[in-house]
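As structure tokens, the structure follows; a few thoughts come after it.
The values are calculated or read from the model by the stated rules, or taken from the named source; none is laboratory data. Not measured: the values here are computed from a predicted model. Note that we place each Cβ from the backbone using ideal geometry, even for glycine, and neighbour counts take in every protein chain shown. These area figures cover heavy atoms from the full protein model, side chains too; ligands, DNA and RNA do not enter into them. Shrake-Rupley method; radii C 1.70, N 1.55, O 1.52, S 1.80 Å.
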Amino acid sequence: MRRMTIRLLFALALPAVLVAVWWLASDGSTNVYWPPLRTILKTFPDVWTGDRLKTDVLPSILRLTAGYATAAVAGVALGTVIGSYRRMRAVCEPVLEFLRAVPPPVLVPVIMLFAGIGDTMKIVVIASGCVWPVLLNTVEGVRAVDPVMKETALSYGVTGAARLRTLVLPAASPQIFTGLRQALSIGIILMVISEMFAATDGLGYTVVQFQRSFAIPDMWTGILVLGMLGYLLSVVFQMVERRVLGWYHGLRAAARRSS
Amino acid sequence: MRGLNTALGAAGLAAFLALGEVVPRVGIVKEAYFPPTSRIASALWDELTDGAFWSALGDTLTGWALGLAIAVGAGIVAGVLLSVVPHLREATASTVEFLRPIPSVALIPLAVLLYGTELRSVLLLVVYASFWQILIQVLYGVQDVDPVAEETARSYGLGTWARVRHVLWPSALPYVMTGVRLAAAVALILTITAELVIGAPGLGATIAVAQSSQAVPEMYALIVVTGLLGLLINVGARTVERRALAWHQSVRGEVAV
């Protein structure tokens, strides 16, 4: 109980101090760009009411989910295929390395040409940026499946879908999750940018709109919302990862103890 | 074996380029949206002979290098400090975990207000994004220090600075290098993004101009340049990593195979 309290104290002390410092330092601020924290917090509930949640936050999250899910499915599927065949990997590698190296935000103008400025464009932008880390990590993961396990599966006649489900994908899953984690932050970046470029709703659009109309406290609340969204998504991701990869972390911990 | 792989890779690249030539030519996608490879190549050549392109490239590289350098320096100092001073790591863990996932692009409106299209706007975003990559890796690396080595150094009476220099730093270096490699890629993404969205001078801004003036082949040519730049940075970071860790098990093992 005592240790819990101490840990809680450690976790909360610095954030409390930082917020207090922000509050006090900005309290008498007359600088337009750095409004007092008090004003920002007072503006917050006015700006982010039910209506705005429905018209701006929800579309953003839906686009992110659609793009991210597409990228995850496509990345894992393609990565498994490419990773399974040595020749194919050799053929694709330079092209994939190049495509991955292109900074994803520059795809926004290109995809705008094809898909206009609607939701499709944003989903495609998010998917096309997120797919590379997933794809390349899956290729690595599939390639590194333990050869002994592969031989064993083969000699027991485990092939096709069963092999994929029981051997290849579980063995590659730690790598796949690494890719998915990298893709998550790229996804949020692309969601915001695609909305800043051309949109009529969404978080990115709203925040830029506030900035352009010099509604500075409102802009600050938008930044806070984006920050909270990023934090929430990473917490959710960690929970999912802990669930799915629980066996793997357990295995690693056991290996570390015995060594 | 290596020769065969290189040949296959070259074949793949050639096929990719040929596909880019054929697909718009036969009209599967409109040429206005997706110009054939040869048009992009000639646009690229025009760019290369243009002085404005080189100054944009210079601006981008300046933003990238400066931002990365600041982030690496600050990340290493903060990381070592957090691990060496007792309880500081614990006290900051929740704050780090909270600040890290905040998307740096959320700061774009603030950067625009504070610095306009200056280099400082770009740096604000780049440093914020890449700092966390380094810091987290340094913290992981310090946790990985062999307790026996640490105790040995202590019992030989090495002071804090000597322990940081001879025990902690070499143990953490592989992690730091991974962090630098990740941060180098992130820094490029954020540099180009800042230029694209804010309009700070550089390749990103040039792409935005090409896009708004409907210069489609030029736009693709510039995108190819950013891709090559990214590739170069990846390869460069890997080389630096291998050099700096030439003594380390992981790299030595790699060479032996």
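Numbers at a glance
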{"read-out": "Whole-number accessible area per residue in Å² for segment A:4-93, which is evaluated in the context of all protein chains at 1.4 Å", "value": "62"}
{"read-out": "Dipole moment magnitude, nearest 20 debye, the protein assembly as shown about Cα centre, only Lys, Arg, Asp, Glu C-beta charged", "value": "1660"}
{"read-out": "Computed [θ] at 222 nm, helices only, for chain B once each DSSP H run of length n ≥ 4 contributes -39500 (n - 2.57)", "value": "-27000 deg cm²/dmol"}
{"read-out": "Area buried, chain B against chain A - accessible surface, total, 1.4 angstrom probe, square angstrom", "value": "4400"}
{"read-out": "Sorted peptide list for A:15-22, B:79-86, criterion being average Cβ within 10 angstrom, highest first", "value": "B:79-86, A:15-22"}
{"read-out": "Length added when fully stretched, A:T159-A:R212, from 0.36 nm per residue minus Cα-Cα", "value": "13.2 nm"}
{"read-out": "Distance between segment A:237-259 and segment A:98-137 - C-alpha centres, whole angstrom", "value": "32"}
{"read-out": "Derived scalar couplings ³J(HN,Hα) [segment A:116-127; Karplus, 6.51 cos²θ - 1.76 cosθ + 1.60; whole Hz; x for Gly, Pro]", "value": "x, 10, x, 5, 4, 4, 5, 5, 5, 4, 4, 4"}
{"read-out": "Shielding score for A:185-197, defined as the mean number of other chain Cβ atoms within 10 Å", "value": "4"}
{"read-out": "Euclidean distance of C-alpha centroids, segment A:1-72 and segment B:70-136, integer Å", "value": "17"}
{"read-out": "Sites A:D51 and A:M4, calculated FRET efficiency, Cβ-Cβ separation with R0 56 Å, nearest 0.05", "value": "0.90"}
{"read-out": "Convex hull projection area averaged over all views, chain B, Cα basis, nm²", "value": "18.1"}
{"read-out": "Cα-based radius of gyration of segment A:46-112 once divided by 2.2 N^0.38 Å, which approximates compact folds", "value": "1.64"}
{"read-out": "For residues of B:193-202, the mean tally of beta carbons on other chains within 10 Å", "value": "3"}
{"read-out": "Using θ = phi - 60° and Karplus 6.51 cos²θ - 1.76 cosθ + 1.60, couplings along segment A:214-227 (whole Hz; Gly, Pro as x)", "value": "6, 8, 5, x, 4, 4, 4, 5, x, 4, 4, 5, 4, x"}
{"read-out": "Listed residues B:T152, B:L61, A:P36: farthest to the positive end of the dipole of the protein assembly as shown (Cβ charges)", "value": "B:T152"}
{"read-out": "Pair B:E31, B:Q214: separation of 7 Å Cα→Cβ label points (nm)", "value": "1.6"}
{"read-out": "Per-bin percent of Cα-Cα distances, the protein assembly as shown [20 Å]", "value": "19, 54, 26, 2"}
{"read-out": "Semi-axes of the equivalent ellipsoid for segment A:171-259, Cα gyration tensor, largest first, Å", "value": "39, 13, 8"}
{"read-out": "Heavy-atom accessible area, 1.4 Å probe, ligands and nucleic acids excluded: residues of segment A:3-25 down by at least 40 Å² from chain alone", "value": "A:F10, A:L14"}
{"read-out": "Globularity ratio of segment B:13-166, using Cα Rg and 2.2 N^0.38 Å", "value": "1.62"}
{"read-out": "Set of aspartates and glutamates with alpha-carbon distance to A:K122 below 15 Å, sequence-local pairs under 8 removed", "value": "A:D56, A:E195, A:D201"}
{"read-out": "Highest-first arrangement of B:34-40, B:188-194, where packing means the average Cβ count within 10 Å", "value": "B:188-194, B:34-40"}
{"read-out": "Rounded percent of accessible protein surface that carbon and sulfur make up, segment B:114-257, 1.4 Å probe", "value": "62"}
{"read-out": "In segment A:157-232, chymotrypsin sites (Phe, Trp or Tyr not before Pro) in a DSSP loop with at most 12 other beta-carbon atoms within 10 Å", "value": "A:F214"}
{"read-out": "Contact order relative to length of chain A, as percent, for alpha carbon pairs under 8 angstrom and 6 or more apart", "value": "23"}
{"read-out": "Average other protein chain Cβ within 10 Å of Cβ, residues B:206-212", "value": "3"}
{"read-out": "In nm, spacing of pseudo-spin labels at B:T95 and A:Y85 (7 Å Cα→C-beta vector)", "value": "5.4"}
{"read-out": "Using θ = phi - 60° and Karplus 6.51 cos²θ - 1.76 cosθ + 1.60, couplings along segment B:16-28 (whole Hz; Gly, Pro as x)", "value": "4, 5, 5, 4, x, 7, 6, 3, x, 5, 7, x, 5"}
{"read-out": "D (Stokes-Einstein, µm²/s), Kirkwood Cα radius, segment B:118-161, 0.692 mPa s at 37 °C", "value": "250"}
{"read-out": "For chain A: span of alpha carbons on each principal axis (Å, largest first)", "value": "74, 60, 30"}
{"read-out": "Order by protection proxy (mean Cβ within 10 Å, highest first), peptides A:75-83, B:239-247", "value": "A:75-83, B:239-247"}
